[in-house]
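Beneath this line is the structure, given in structure tokens, with notes to follow.
The values are calculated or read from the model by the stated rules, or taken from the named source; none is laboratory data. Remember, predicted model here, so these are calculated numbers, not experimental data. Cβ coordinates were reconstructed from backbone atoms using ideal geometry, including for glycine residues, and neighbour counts include every protein chain displayed.
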Amino acid sequence: MKQDIKQSDESSSENAAGDTKNKNIILILKWAISILVPVIILMIPETGTFTPTIKVFLAVTFWGVFCMATEIIPITFVAIMLPVFYILTNIATPAQAFGPWTTNVIWVVFGGIILAHVLMTSGLSTRIAYFTIIKSGGSFTGILIGIALAGVIINPFVPSLMAKVAMISPIAVAVCIALNLEKKTKAASAVMLAAFLGLISSRLGFLTGEAGIPMSMNLVADVTGYTVSWAEYAYHNLLLSLIFTMICITIVIVVLRPEKVIEGKEGIVEKYKELGPIKPAEKKVIGLLIMATVVLLTDSIHGISPAWIFMVIGLITFLPGINLMNDEQLGKLNFKILFLVAGCMAIGSVANISGTAKWMADILAPLMAGTSPLQTIIMSWLFGALSIFVLTPLPALGSLPGPLAEIALQLDMNPLPIVYAFIYGTDQYILPYIFPGLLFIYSFGYISMKSLMMVFIPRLIASGLFIILVAYPYWRLIGLL
């Protein structure tokens, strides 16, 4: 018996040693790739358009993206070092590389972190989560649909996508807590991704769905002289976005079915009753939410950015009589996400400065020449899907639609469906670094990288097929092609 135990221990030790050796080999391989590929990029011969600046930008950016994807260095520190390397390699000034800190996005995230914190600590997010589960029927599928539907409803009224993600994230977390879902399980990942996809997919149907869409349309207007109205954009894209949202939620439901049966509606009803009457802290948060929503909905009147709205709401939480936040609570906030968002945004801003964005558009132009309208639409979607790995979505939307519109006019085509296809192409999120909103919801720790890949890789394929089989025929039907 003792001999068997001894042999078992030796076998376990050998397995552990083998696992450690394999992990070390994989780690060395990752480090080798992170160094060798940038060196190879730097060795590529220069041309008239492929300048030294573009070459250095691509090398530095590959290093950062690869290190984030493999996590061989903490993601937050990689994001901090990216702008530093852009400065050290002389492809950007400190003001340019750290420019994202002066944009509204960072401060929407900061204010959103505070609002998310008080939503959770007050207990209001838990109450909302229980209520949502009960009204959605208590089933796994019902919960996901209910959370996604909430995102669809608020999309046209709140132009800032980051603001919407900041508002819905703590509710999704509360749903996970209410259902006793462990972090990074399939079920927890499904809840968080359904909340994210309900916003991100349906926002494609609204001109005010996020900042990048009006930016794109303004660039098209600069080229064509024609401005697309809110209603016209909705006519072109709203039905498509709702269909695509349903496809996305179906993917989540199918590929992330939970490993165990989720607690039924009856148990949640009991937990909801245990919360008792709404507490004073919850009433205060409700008041702040109403205030924030009213001001956000009327931004076209007063012109105040959602960033400053969220920061002022954050300040109010510290005021006497409110007392939802204090110095101790402030210290518990996840400030790392701010550095992560700023570093990732630097990729896009420096891509424009270095000329990489224009270089990418110039490569696309001859590929589109002589193609059919369907082929042109497919090429535009593919260009969008590829561009985000270098520029990330918002910088891509803020720089490339103009050149695309010019290409469309040269091909004697309506620029709108080409730009719309490009927007759908940029709507891919295989890695969290690509979009600050996904980074924000990912930072709560409930989504596993494996689950994220399981959803977004099929979604990428579905998006391409959707453009070919649904969007292209629809745009032809309404006379855009």
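Structure notes:
- All positions within the stretch 91-115 that are within 17 Å of the chain's Cα centre (by Cα) and of a type in the set (A, V, I, L, M): VAL105, ILE106, VAL108, VAL109, ILE113
- Residue within the stretch 319-326 that is small (Gly, Ala, Ser) and either in a loop (DSSP other than H, G, I, E, B) or touching a strand residue (DSSP E or B) at 6+ places or on another chain (Cβ under 8 Å) (or both) present: yes
- Criterion applied to ALA385, ALA369 was being surrounded by fewer than 24 Cβ atoms within 10 Å (Cβ to Cβ) and within 30 Å of SER443 (Cβ to Cβ), and the one residue passing it is ALA385.
- Qualifying residues in the stretch 425-437 (those that are outside any loop (DSSP other than H, G, I, E, B), crowded, with 24+ Cβ neighbours inside 10 Å and of a type outside the set (Val, Ile, Thr)) - the one modelled with the lowest pLDDT: TYR433
- Within the stretch 26-53, residues that are touching a residue at least 40 places away in the same chain (Cβ under 8 Å) and of a type in the set (Ser, Thr, Tyr) reach partners that are surrounded by 15 or more Cβ atoms within 10 Å (Cβ to Cβ) and assigned to a loop (DSSP other than H, G, I, E, B) with beta carbons closer than 6 Å, at six or more positions or on different chains, in the pairs THR53/ILE91.
- Filtering ALA59, ALA92 for residues that are touching a Pro at 6+ places or on another chain (Cβ under 8 Å), outside any helix (DSSP H, G or I) and of a type in the set (Gly, Ala, Ser) leaves a single hit, ALA92.
- Here VAL118 does not fit the description of being in a helix (DSSP H, G or I) and modelled with pLDDT under 85.
- Set THR126, THR53, THR61: member being β-branched (Val, Ile, Thr), modelled with pLDDT under 85 and crowded, with 16+ Cβ neighbours inside 10 Å: THR126
Conditions (1) over 15 Å from the mean Cα position of the chain (by Cα); (2) on the phi > 0 side of the Ramachandran plot; (3) touching a residue at least 24 places away in the same chain (Cβ under 8 Å), marked per residue:
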| residue | (1), (2), (3) |
| --- | --- |
| ILE418 | yes, no, yes |
| ALA421 | yes, no, yes |
| PHE435 | no, no, yes |
| MET454 | yes, no, yes |
| PRO473 | yes, no, no |
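- Residues of the stretch 177-199 satisfying the condition of being surrounded by fewer than 22 Cβ atoms within 10 Å (Cβ to Cβ) and in a helix (DSSP H, G or I): ILE177, LYS186
- THR245 at pLDDT below 90 and of a type in the set (S, T, N, Q): no
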